[in-house]
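Read-outs: derived from the displayed coordinates by stated rules, not from any lab. The structure displayed is predicted, hence computed values, not measured ones. Reconstructed Cβ throughout: ideal geometry from the backbone, glycine too, with neighbour counts over all protein chains shown.
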Amino acid sequence: MGVTVSVLALTVGLVGFFADPLHLPDAVLDVLDKRASVLSLFVGVASLVVAGVGLLTQLREQATPSSDAPAVPAASSSGPGSPVVGGAMAGGMVVGQVSGGTVTGPGGAAAGAERAVAVTGDLTAGMLITGDGATITTTTAEVRPPLPPADAVQVPVGGLAGLPRRPAGVFVGRQEQLGQLEAALRSGPGVITQAVVGLGGIGKSELALQYAERHQGAYRLVWWITAEIPEQIQAGLAGLGRALCAGVASTAAAQAPAEEAEAWALAWLAAHDDWLVVFDNAADAEDLQPYLGRLRTGHVLVTSRRAVGWRDVGEVLRLEVLPRAEAVELLLEMIGTETTIDRAVAGELAAELGELPLALKQAGAYLAATPGMDPATYLDLLRTTPARALSADPRHDAATDRGVTRVWQVTCARIERINPRAMRLLHVLACYAPDDLPCEVLTGVEGTDAAAIADALGTLASYSMINRSRDGQAVSVHRLVQAVTLAALPDDARTVTRAVAADLLQAALPDNPEHISSWPTYARLLPHAQAVLDAGSDAMNAVLIYLNASGDYRTARTLQHRRYIVLNHALGPEHPETLGARVNLAFLTERAGDTAGAREQLAALLPVFEQVMGPKHPGTLIVRMHLVAVTGRAGDAVGTRDRYAALVPVAERVLGPEYPETLTIRADQASWTGQMGNAAGARDQLTALLPVFERVMGPKHPETLKVRANLTSWTGNAGDAAGARDQLAALLPTFEQVMGPKHPETLTARGNLASWTGNAGDAAGARDQLAALLPTFEQVMGPKHPGTLMARAGLAFWTGKAGDVAGARDRYTALVPVLERVLGPEHMGTMTARTNLAAVTAEAGDAAGARDQYEALLPVLERVMGPKHSEVLAARASLARWTKEAEERL
C-alpha cells in the first residue's frame, strides 16, 4: 500500500510539472492547479496513515517472541516476604525475610523452609543475605598519592605568580616608598625581610602589591599570603605548595592535608631562591618567626597594622597618610578628568578624609559613579552626616577612623538607594573573614538567583566597597569597611545578619568532612567558619571533624576549646554534649603533643562521668580506658600495666570483646607487656589480636595498621631484628597509601624502620635515615612534639653506634633537658635517653661522669620499672662497672 501511495504522489507531481510546457489555456491550468493541491493534501494524509500502520506492525513483530529465542524464566514466590530471583542477572543483591510459605523459581527451584530463598537464572556474581534487619555496609578506602620531593620541583616556565588581584590603576604618592622597598630587598645575600606597617587603609597592601607586580620579572615565584591569624598563614603556604605541585602532582596536591602542604612549601622555599613571598596584614611578628627561621634565601615582604615587634624580623618601613598634594592628586585621579574640579575644594575634601588612601579612593569612586555629585556637595554631606568613631581595632587613630566612617556612611546610603539588595549583601559580607570568600557561598541569599547576586556584587565593586578576585569567583572586603558596616546596624539587625551568614556558610560546607575529597573546600572556608559559626553549632562540629581527619590537630584543639566553653556556658558542665566536648578536647590535646595535659584533663573528667553517668556506664568506661592509655604514654609504666590488667575484663564485659575501644585497649595492654620487659609476650598477644582487628575494622584501617606496626617492633625486641626490619619495610607503603607520606603514624613507622635497620647491623644506614627524616618531623609535628623528640633520640643513638661517640654525647646532652621538660623525668623516652647518655659518656672516656649519671638515674628506673626489670639490672651493673673504673683512674 505504501508503494501505491508513493506512485500516486509521483504521478500528480509529474502532471503538474509538465502541464505548463504543454501551453494549456490559463483556465485549464488554474483548475488543474487547484485539483492538484487538493489531491496532494489527500496523498499527504494517506502517507501519514500508511507510516503509522507500518510502525505499529513493526512494534507488534518485535513484541512477539521468536520460537528460537531462549525463554527468560519468570520468578514467582508465595508466602509473606518470600524473595525469589530469576532470569539473567550479571550481579546483584537479595535481602530476604521470609516468615513462612514456599518460594518457587524457574527450572524447578523451590524453597519452602523458614527464611527460604530461591535463586535461578544466570546469576554470576552478587550477594544474598537473609535475616531480620539484615543490612550491608560497604566502605571504600581512598588512597592518597604522595607529594614529590620539594627540591625536585621547579617553577613553571614563565614563573608563578599568586597575587590576590591586579594592582590599582591609580597609584600616587608612594614612589619614594617603592624605591625604599627595592633598595632594602636587594641589600645583600641570604633571606631578606622587609616589614611595612601602618594604619588600616593606609595603603600597605597596595604598596606591597605594586612592588610585587612591578618586580615580578625579577623573581621566578611571587606569592601572596594573608597572615592575620596563624591558620591563614598555614593555608597560604599550603596553597603555595599545591600550586607548585599542580603541574607535576595535581592529585597529590589537591588531596594533601594543610600541614603536609605547608611543610612541603617551606621545604621548597628553603631549597630555592629568586622568590618573593608577601605576608599581608600579619597580626604579630611571633606568628611569622617559626617560618622565617627556616628560610635562608629569597625575599619576604610583610605588611601589618601593628608597629612593634618587627625589628627582630627585618627592616621596617612605616607608612603615613599621604601628603596633602598627593592626596588631592589621588582624589582627582579617581574622580577622572571629565568634570572640572576646584582644587581648593578638592583639598578641603582630602583633609576631611584624613588623607587616608582607602578613604580617598572610595570617595573618588563615589563621585565618579554618581551623576550630579561634585566635591563641594560631597563635602557638605560628609560634614552634615553624624560622625562616629567606629573601629575594628582600638589601637586605630580615632580622628582618622571618623573620616573613613563618614565616607562609608555616605557611600552606603547611595548604594541603599540605587540597589538595596547590594547593601544587604554587604551586611552579610561584613560578617565573614575579610579575604577570599567564594561567591558560591552567597548562593540563595534572600532567595535570589545567581544573576541578582552578581548584579549586587557589581554595584558594591563599582563603589570600591569590595574587591573581586582575578577569576571573579571570590570577593574580599576591607576589614575597616566590615567594621563600619556592622557597627552601623542596630543590635537586633546585626544578630539576624550574622545568623544569615552562618546559615549560608553551613550550606556551603561539604557533607562528609572525613572524606579527603572535601578537604580543599573546608580549607578555603575555614577562616570564614571561624568568623561566623557559633562554636557550639553542628556546622562547627563538622569543621572540627575535618581538622581532626586532615591532621591539623593544633587548630582543632583551639576550636574545640572554644566549643567546650560555649557548651559549658549554654548547657551546663554536666550536660552530655559538654562532657563529650571535654573528652574530645583531651584527645586533641594529646594529638597536638601535650600528653601530660591530656592526662590531667581526663583525670579531672573521670569523677564527673562517674557522678553524672555512673561508674559502669559505657561512657565512663571509655574515659577510664583513655586515661589509662594516656597515663602510660605520659610515663607511668608499672601503673599502666596493672590498670590494663584490671580494666580489660571490664571492657569486654560492658562493651563486648570485639568493640573497637576494647580491641584498642587490648592492643595497648600488649604493648605495655613488652614495655615491662616481656617482648615475646607482647609479640604473641599482638599476633593473636591482629586477625580480630582485620576482621572487625578491616585490613587497612588505621588502627589495624598500628597493630601491625607494633607487632613488627615487638618481633624485633623479641630477638628478630632482621625480621622486624623486613616486615616494617613491607608495611610502610601501605601506611603511605592509606594515611599519606607525612601522617604522624607514617612518620613513626619510618622512624621505627630506621631503628630496626640499625638493630639489624646497619648503624650508619639507620643514622642517615633518621637524619633525613628529622626535618620532616619538625615541620609537620613541631620541634617539641613527642614524636619529634623520639626521632632526635634515635638519631643520637645511631650516631654513637655508627662510631661518633662524642657527637652522640653532645646530641643527648642537648636533648635530655628538653625531654624532661616536655615529657617529664619519669617518661620511658626520657629515662632511655638518660641511660644512653650515661653510656656514651663512658664510651667517650669519662668514667666518673658516667658513674654520676647512672647513680642519679638508677632510683628513677627502680621506682618506675621495678627493681627486677632488665633495664634496671643493666643500669645497676653499669653503675658498678664505671664506679670501679673511675676509682681505678684516680
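Can you list the HN-Hα couplings for the range 658-670, worked out from phi with the Karplus curve (6.51, -1.76, 1.60; θ = phi - 60°), rounded to whole Hz and with x for Gly and Pro?
Using θ = phi - 60°, the values come out as 10, 5, x, 5, 5, 5, 4, 6, 5, 5, 4, 4, 4 Hz.
Along each principal axis of its Cα atoms, how long is the range 418-503 end to end? Whole angstroms, biggest number first, please.
35, 27, 26
At q = 0.18 Å⁻¹, what is the base-10 log of I(q)/I(0) for the range 573-624 according to the Debye formula with one equal point scatterer per Cα and no solvent? Please give it to two decimals.
Log10 I(q)/I(0), no solvent term: -0.51.
Please turn the phi angles of the range 746-753 into ³J(HN,Hα) values with the Karplus equation 6.51 cos²θ - 1.76 cosθ + 1.60 (θ = phi - 60°), one per residue in order, whole Hz, x for glycine and proline.
Each residue's phi maps through the Karplus curve to give 5, 4, 4, 4, 5, x, 5, 4 Hz.
Debye calculation, C-alpha points only, no solvent: report log10 I(q)/I(0) for the range 534-613 at q = 0.16 Å⁻¹, in the same order as the q values.
Results for the range 534-613 at q = 0.16 Å⁻¹ read -0.56.
Ignoring solvent entirely, what values of log10 I(q)/I(0) come out of the Debye formula for the range 846-890 at 0.17, 0.20, 0.28, 0.32 Å⁻¹ when each Cα is a single scatterer?
-0.43, -0.57, -0.89, -1.05
Just the C-alpha atoms of the range 760-840: what Rg/Rh do they give, with Rh taken as the Kirkwood radius?
0.95
Over 14 Å apart: what share of the alpha carbon pairs of the range 176-229 falls there, rounded to a whole percent? Before the final figure, lay out each step's value.
On the way: 870 of 1431 pairs.
Roughly 61 percent, once rounded to a whole number.
Translational diffusion coefficient of the range 708-779 at 4 °C, 1.567 mPa s, Stokes-Einstein with Kirkwood Rh over Cα pairs, in µm²/s as a whole number.
Details: Rh = 12.0 Å.
Approximately 108 µm²/s, per Stokes-Einstein.
Quick query: amide H of Ala474 versus all other amide H atoms, modeled in the peptide plane; which residues come in under 5 Å with a sequence gap of 5 or more or a different chain?
The answer is Cys439, Ser469.
Could you tell me the center-to-center distance, by alpha carbons, between the range 584-658 and the range 847-861 in angstrom?
The range 584-658 and the range 847-861 have Cα centres spaced 34 Å from each other.
P(r) tail for the range 472-559, what percent of Cα pairs lie past 16 Å? Walk me through the numbers before you get to the answer.
On the way: 2198 of 3828 pairs.
Within the range 472-559, distances greater than 16 Å cover 57 percent of Cα pairs.
Using the scaling law 2.2 N^0.38 Å as the reference, what is the normalised Cα Rg of the range 801-890?
Normalised Rg, Cα atoms only: 1.05.
With contacts defined as alpha carbon pairs under 8 Å and 6 or more residues apart, what's the relative contact order of the range 816-890 in percent?
Numbers: 62 pairs, mean separation 19.7, N = 75.
Relative contact order here is 26 percent.
Could you work out the mean projected area of the convex hull around the alpha carbons of the range 212-349, in square nanometres to one decimal?
So the Cα hull casts an average projection of 11.6 nm².
Run down the lysines and flag those whose C-alpha is under 25 Å from the C-alpha of Lys868, throwing out any fewer than 8 positions away in its chain.
Within reach: Lys884.
Sort 825-831, 525-531 for me by packing, meaning the mean count of neighbouring Cβ atoms within 10 Å per residue, highest on top. Write down the numbers at each step before the final one.
Numbers: 825-831: 20.0, 525-531: 21.6.
Ranking, from highest mean packing down: 525-531, 825-831.
Once amide H atoms are built 1.01 Å from N in the peptide plane, which residues 5 or more positions from Val196, or in another chain, come under 5 Å H to H?
Amide H neighbours of Val196, under 5 Å, 5+ apart: Val302, Thr303, Ser304, Leu317.
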